[in-house]
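Read-outs: derived from the displayed coordinates by stated rules, not from any lab. None of the values given here were measured: they were computed from a predicted structure. Glycine gets a Cβ as well: all are built from the backbone with ideal geometry, and neighbour counts include every protein chain shown.
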Amino acid sequence: MSSREEVNRRRVLEAEMKRSGRLPPGQSATLDFPVLHYGGIPSFNEATWDLRVFGEVEQPMRWTWQAFLKLPTVKVTCDIHCVTRWSKFDTEWEGVLFRDFIKLFGVKPTAKYVIAHCDGSGSYTTNLELEAMLDDDVLLAYKYDGRFLEPEHGYPLRTLVPKRYFWKSAKWLRALEFSATDKPGFWEVNGYHNEGDPFKEERFSRRGFLF
């Protein structure tokens, strides 16, 4: 496909998504899958990797990679929207449905927020209300378009929260903390909006950026 054909195709898609109400304000359609993250890409060592859940849960637990792969999975087709103003439509993901996952260990009534802890630069986290994570399209995802995630897109595991800007879908997930209080994460502390709803254009907080 020539560059002109690609531009025309993208414009047609963008117009169609705008008419159907699927393009949030301030966004542009992309045919690619841009790579954006802070810091380097962490390496994956199956022998040492695990996923933990802790905090306001009935039973703290951990899974090795092979144990996690044995959990039941679902497939989700959804649109994703980045705060940097690109939107990608009809993306296909596979992973463990979050609201089924929490049944494995139980969440206490005091749990109101979920904090995703990730590999990568420093102690990267991002936060969301537990209620937002219970939507029927929220996954702990490890496949995209029928294949395991590429490292730059979060391999081996990431959260997928399509109704929020894509930084809320945390790459390189290692732990989920269930908390009674909110704990803004890396981007939230540094000026991004705490909720990140694309259709409300919740990009930035009033605090501005620290860098």
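Details
- Choice from THR30, THR125, THR159 with maximal GNM fluctuation in the chain (Cα, 10 Å cutoff): THR30
- Net charge over other residues, Cβ less than 15 angstrom from the Cβ of ALA141 (K, R count +1; D, E count -1): +1
- Positive end of the dipole of segment 1-155 (Cβ unit charges, origin at the Cα centre): among TYR144, ASN45, PHE89, the Cα lying farthest that way belongs to PHE89.
- Order of LEU13, LEU134, LEU149 - criterion: other Cβ atoms within 10 Å of each residue's Cβ, fewest first: LEU134, LEU13, LEU149
- Using 0.36 nm per residue and subtracting the Cα-Cα separation, the extra length available between ARG99 and SER123 on full extension is 6.1 nm.
- Only helices enter the 222 nm calculation for the chain: every DSSP H run of n ≥ 4 contributes -39,500 (n - 2.57), and dividing by all residues gives -4000 deg cm²/dmol, rounded to 500.
- FRET efficiency estimate (nearest 0.05) - Cβ-Cβ, ASP90 to VAL189, R0 35 angstrom: 0.60
- Cα→Cβ-extended label distance, 7 Å offset, between GLU131 and LYS75, nm: 3.3
- Pairs of lysine residues in the chain that meet both criteria, 8 or more places apart or on different chains and Cα atoms under 13 Å apart, total 6.
- A simple spin-label model places the labels of THR110 and TYR38 2.9 nm from each other, with each point 7 Å out along Cα-to-Cβ.
- Note on GLN59 and ARG4: the model spin-label points, each 7 Å out from Cα along the C-beta direction, lie 6.4 nm apart.
- Full extension of the segment from ASP197 to GLN66, taken as 0.36 nm per residue of separation minus the current Cα-Cα distance, would add 43.8 nm.
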